[in-house]
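Novice: Pasting a structure below so you can have a look.
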Amino acid sequence: MLQLRELNRRALSELTRQAPLPRAALGGAELESLTDRLVTELRDTRHRLARRHGPATWLRERFDRTLRTPALERLDRDDVSDQRKVGIVEALHGLNDLICSYDRFLGAMEPMVRRINREQGRPARVLELATGAGEFSLRCPEAAQRRGLAIEITGSDIVPAYVEKANAEAARRRVDVRFEVRNAFALDVPRGRYDLCFIGQSMHHFSAGQLALMMAQARRVCTTGFVGVDGLRSLLLLSTIPAYSLLFGSPNRLDFAHDALLSTRKFFSEPELELIARVAVPDGRATVRSSHPGYTVIHVDFEGAA
């Protein structure tokens, strides 16, 4: 219900007719401010169109608009301790285990990884952004081997406590994965160092402009593409994920429930993600799809770009 796909598509079409998107890559503050403005204009255009489609459509759009919030999740607040943040991430890991999320994340990357394996004859070099405690990166090599994929993955996060914990866990499990402190908005690595950037369950933590900066950085440091997976903007997740967190998020259930509720209110719709990618990577090919149950997947393909 909250995707409002047809209405969003019409709004995106009308917006891009009135305000053509940039044809060349932008950077820094210019990219961030333009993306934030265009996503706001997309939502405003959708609101105007909803009024023309009768009371039912207008009420659905109004409900979705009311749900949105700029409130920070505890994971993003400076006044919340690293220990509590790690607890939230560990609770999320429990949910991911239950619904087999890590295999689905790898599945989202699989087409690009197989292309690199086939065309380059080597493992795909993957950089995970906003990795948190690193569970996906830690599990990725073994899961990839089961699928017949060759991957070299590096995890990264701006929070040193996450990186320290993830590296310690990699050493304990004897997994050949390293974790680095990296700012996803300004990746201090050489151009073309990686093939693919991946981000899982974190896109909603960032503004539209920040996400565009991240995609633009991925375009600079990666040869092949960007893949993101996040929650599907839907009533199902809005009602079930916070309830799950209260029941099974122990001992961090209150923190986890708080963040889960905010997350479901902040997920981007699919046309919004497409718009962000088209602004951030004008020479890429962006595709966005639902992955049921519960996820949205975005691929931004850089191959063939200048």
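The values are calculated or read from the model by the stated rules, or taken from the named source; none is laboratory data. What you see is a predicted model; the values in this text were computed from it and never measured. Positions of Cβ are backbone-derived with ideal geometry, glycine not excepted, and every protein chain shown enters the neighbour counts. Accessible surface areas use protein heavy atoms only, side chains included; no ligands, DNA or RNA. Shrake-Rupley method; radii C 1.70, N 1.55, O 1.52, S 1.80 Å.
Novice: Are any residues in the stretch 1-18 at negative phi and surrounded by 14 or more Cβ atoms within 10 Å (Cβ to Cβ), and if so, which ones?
Specialist: LEU2, GLN3, LEU7, ASN8, ARG9, ARG10, ALA11, LEU12, GLU14, LEU15, THR16
Novice: Just checking, does the stretch 232-253 include any residue being buried (at least 24 other Cβ atoms within 10 Å of the Cβ), farther than 18 Å from GLN3 by Cα and of a type in the set (A, V, I, L, M, F, W, C)?
Specialist: No.
Novice: Let me ask you something else. For the condition at pLDDT 95 or above, touching a Ser or Thr at 6+ places or on another chain (Cβ under 9 Å) and at negative phi, what is the one hit in ASP36, ASP64?
Specialist: After ruling out the rest, the residue left standing is ASP36.
Novice: Just to be sure I understand, how many residues within the stretch 150-163 are under 22 Å from the mean Cα position of the chain (by Cα), surrounded by fewer than 22 Cβ atoms within 10 Å (Cβ to Cβ) and modelled with pLDDT of 95 or more?
Specialist: Here the count works out to 2.
Novice: Pairs needed: first member in the stretch 121-139, of a type in the set (Lys, Arg); second member anywhere, in a helix (DSSP H, G or I) and open to solvent by 10 Å² or more (accessible area, probe 1.4 Å); C-beta distance under 6 Å; at least 6 residues apart or different chains.
Specialist: ARG139/TYR102
Novice: Modelled with pLDDT of 90 or more, under 20 Å from SER234 (Cβ atoms) and outside any helix (DSSP H, G or I): which single residue out of ALA71, ALA50 fits that description? Quick ask: steps written out before the conclusion?
Specialist: On the way: ALA50 fails: outside any helix (DSSP H, G or I).
None of the other options fit; the residue is ALA71.
Novice: Would you check which residues across the stretch 19-32 are assigned to a helix (DSSP H, G or I) and exposed (fewer than 13 other Cβ atoms within 10 Å of the Cβ) and list them?
Specialist: Taking the stretch 19-32 and keeping what is assigned to a helix (DSSP H, G or I), we get 28-32.
Passing the criteria: GLY28, ALA29, GLU30.
Novice: Sticking with this one: Within the stretch 38-56, which residues are within 12 Å of ARG10 (Cβ to Cβ) and open to solvent by 70 Å² or more (accessible area, probe 1.4 Å)?
Specialist: Result: ARG48, ARG52, HIS53.
Novice: Within the stretch 74-101, track down each residue that is assigned to a loop (DSSP other than H, G, I, E, B) and either at positive phi or touching a helix residue (DSSP H, G or I) at 6+ places or on another chain (Cβ under 7 Å) (or both).
Specialist: Selection gives VAL80, CYS100.
Novice: Do we find a residue being surrounded by 23 or more Cβ atoms within 10 Å (Cβ to Cβ), without any contact (Cβ under 8 Å) to a residue 40 or more places away in the chain, farther than 28 Å from PRO22 by Cα and not acidic (Asp, Glu) anywhere in the stretch 164-184?
Specialist: The answer is yes; a qualifying residue exists.
Novice: What residue, among those in the stretch 254-284 that are open to solvent by 60 Å² or more (accessible area, probe 1.4 Å) and in a helix (DSSP H, G or I), is nearest to VAL86 (Cα to Cα)? Outline the logic, then answer.
Specialist: Step one: filter the stretch 254-284 for residues open to solvent by 60 Å² or more (accessible area, probe 1.4 Å), giving 254, 261, 265, 278, 283.
Filter once more, so that each one left must be in a helix (DSSP H, G or I): 254, 261, 265, 278.
Working: LEU254: 14, LEU261: 18, ARG265: 22, ARG278: 34 Å.
Filtering the stretch 254-284 for residues that are open to solvent by 60 Å² or more (accessible area, probe 1.4 Å) and in a helix (DSSP H, G or I), the one nearest to VAL86 (Cα to Cα) comes out as LEU254.
Novice: Condition first: among the hydrophobic types (A, V, I, L, M, F, W, C) and open to solvent by 30 Å² or more (accessible area, probe 1.4 Å). Now tell me which residues in the stretch 206-231 satisfy that.
Specialist: Across the stretch 206-231, the qualifying residue is only PHE206.
Novice: Here is a follow-up. Where in the stretch 164-235 are the strands (runs of 3 or more DSSP E), entirely inside, with at least 2 residues that are of a type in the set (Ser, Thr, Tyr)?
Specialist: 222-231
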